[in-house]
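The next block holds one structure in the form of structure tokens; read it before the comments.
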Amino acid sequence: MSIVINWRETRLLEDGCGGSIYKVVDTDNSALIDLEMAMCTFAPSEVSMRHHHNRIEEIYFFLEGDAEIRIDETWKTVGSDDAVAIPRGVSHQIRNKSPTNNLRFLSVNSPRWLSEDMIIDPA
């Protein structure tokens, strides 16, 4: 079954780690069983909580803006057209570097994201 979904018409995730996270394609609105995609937006200078997942692997694909991503202890600069693969168990954090522009990126998760699998790490 194929579907077309506009991310602006999807629900905002209430228990994320920062930013505004919209579940675009997930098990509630598609025939997918263990794969999902979210649109993530961060306001100027917004920073996520440092966290990791024991179950899921993630891919972040950056669409707009300039950011830094912390993978374990190392910060890397990322921007439009960059992708970051985050294995399960790896601590990560996002920081929107711009004081004036929003940051937008896709988060592809497998298996699907569950709030109990978000473990907050010390800053």
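Just so it is clear, none of the values below were taken in a lab; they were calculated from the coordinates. Since the model is a prediction, treat every value here as computed from it, not as a measurement. We place every Cβ from the backbone using ideal geometry, glycine too, and count neighbours over all the protein chains shown.
Could you run the Karplus curve 6.51 cos²θ - 1.76 cosθ + 1.60 with θ = phi - 60° over region 73-80 and give me ³J(HN,Hα) per residue in whole Hz, x for Gly and Pro?
9, 10, 8, 10, 7, 9, x, 3
What distance in nm separates the simple spin-label points at Glu73 and Ser110, each placed 7 Å from Cα in the Cβ direction?
3.2 nm
Would you mind checking which residues have amide H under 5 Å from Ser98's amide H? H placed 1.01 Å from N; only 5 or more apart, or other chain.
It is Ser45, Asp66, by chain and number.
Would you compute, for the Cα atoms of the chain, the largest minus smallest coordinate along each principal axis and list the three values in descending order, in whole Å?
39, 31, 24
Quick one: compute the contact order of the chain, relative version, from alpha carbon pairs under 8 angstrom and 6+ residues apart, as a percent.
31 percent
Take Leu63 and Ser98, extend 7 Å from each Cα along the Cα→Cβ direction, and tell me the distance between the two endpoints in nm.
1.3 nm
Under a point-charge model restricted to the Cβ atoms of Lys and Arg (+1) and Asp and Glu (-1), what is the dipole moment magnitude of the chain relative to its Cα centre, in debye to the nearest 20?
160 debye
Would you mind checking which residues have amide H under 5 Å from Glu57's amide H? H placed 1.01 Å from N; only 5 or more apart, or other chain.
Ser110
Cα centroid distance between region 1-64 and region 77-123, in Å?
10 Å
For the chain, with the dipole built from +1 on Lys and Arg beta-carbon atoms and -1 on Asp and Glu ones, taken about the Cα centre, which of Ser91, Val25, Phe62 lies farthest toward the positive end?
Result: Phe62.
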